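Taking it in order: structure first as structure tokens, then the write-up.
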Amino acid sequence: MGDRAMANIKTSHGSIYVYTHWRGSELPQIAKSAILAAKPRWGDESYATHIIIDQLTKDSRDSETGVGIMLVPDHEDAYNHDQPSVIVDLPLRTLIVQGHEHEDTQVSFSEIE
């Protein structure tokens, strides 16, 4: 079954989803690192999205499996019935970590270290 999770990267024009089969429990920390890597481009959604996707998928770049990118969540590859584990909201500059056993947490990009 793996360690599945999904990130929703929201832009002012829509969303793109990145899922992982093997690093789901690490996705909140990976997303934080990706947001920090994109900091110089937070004001440019196209570049910020590119950097964040690049960081979220970098451990599987040379593999044909392990991660994927979707425009619409696919229940077969999604975690928690198409619900993302993390939401990176570029227009609002917030990261939301969806809690399965705890409450959701939301932090501003400026609070991420």
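Would you check which residues across the range 90-102 are surrounded by fewer than 19 Cβ atoms within 10 Å (Cβ to Cβ) and either modelled with pLDDT of 85 or more or within 9 Å of Asn8 (Cβ to Cβ) (or both) and list them? Even if it seems obvious, please write down each step before you answer.
Of all residues in the range 90-102, those surrounded by fewer than 19 Cβ atoms within 10 Å (Cβ to Cβ) come to 91-94, 99-102.
Hits for the range 90-102 are Pro91, Leu92, Arg93, Thr94.
Any idea how many residues of the range 51-66 are open to solvent by less than 30 Å² (accessible area, probe 1.4 Å) and closer than 22 Å to Val107 by Cβ? Please lay out each step first, then the result.
Kept after step one, since they are open to solvent by less than 30 Å² (accessible area, probe 1.4 Å), are these residues of the range 51-66: 52-53, 56-57, 60, 66.
From the residues that got through so far, the ones that are closer than 22 Å to Val107 by Cβ too are 52-53, 56.
The qualifying residues number 3.
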Check your understanding: Between a first residue in the range 53-75 that is among the charged types (D, E, K, R) and a second residue that is open to solvent by 30 Å² or more (accessible area, probe 1.4 Å) and in a strand (DSSP E or B), which pairs have beta carbons less than 8 Å apart while being 6 or more apart in sequence or on different chains?
Key -> Asp59/Val67
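Is there a residue being in a strand (DSSP E or B) and open to solvent by less than 40 Å² (accessible area, probe 1.4 Å) anywhere in the range 22-43? So that I can check it myself, show each step before the final result.
Of all residues in the range 22-43, those in a strand (DSSP E or B) come to none.
So far as the range 22-43 goes, no, none of its residues is in a strand (DSSP E or B) and open to solvent by less than 40 Å² (accessible area, probe 1.4 Å).
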Review point. Which members of the range 44-87 meet the condition of being of a type in the set (Ser, Thr, Tyr), modelled with pLDDT of 95 or more and in a loop (DSSP other than H, G, I, E, B)?
Key: none
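Return yes or no: is Ala48 surrounded by 15 or more Cβ atoms within 10 Å (Cβ to Cβ), small (Gly, Ala, Ser) and out of contact with any Lys or Arg (no Cβ under 8 Å at 6 or more places or on another chain)?
Working: surrounded by 15 or more Cβ atoms within 10 Å (Cβ to Cβ): yes; small (Gly, Ala, Ser): yes; out of contact with any Lys or Arg (no Cβ under 8 Å at 6 or more places or on another chain): no.
Spelling it out, it is not the case that Ala48 is surrounded by 15 or more Cβ atoms within 10 Å (Cβ to Cβ), small (Gly, Ala, Ser) and out of contact with any Lys or Arg (no Cβ under 8 Å at 6 or more places or on another chain).
The values are calculated or read from the model by the stated rules, or taken from the named source; none is laboratory data. If you're wondering where the values come from, they're calculated on a predicted model, not measured in any experiment. Glycine gets a Cβ as well: all are built from the backbone with ideal geometry, and neighbour counts include every protein chain shown. Only protein heavy atoms, including side chains, enter the accessible area calculation; ligands, DNA and RNA are left aside. Shrake-Rupley method; radii C 1.70, N 1.55, O 1.52, S 1.80 Å.
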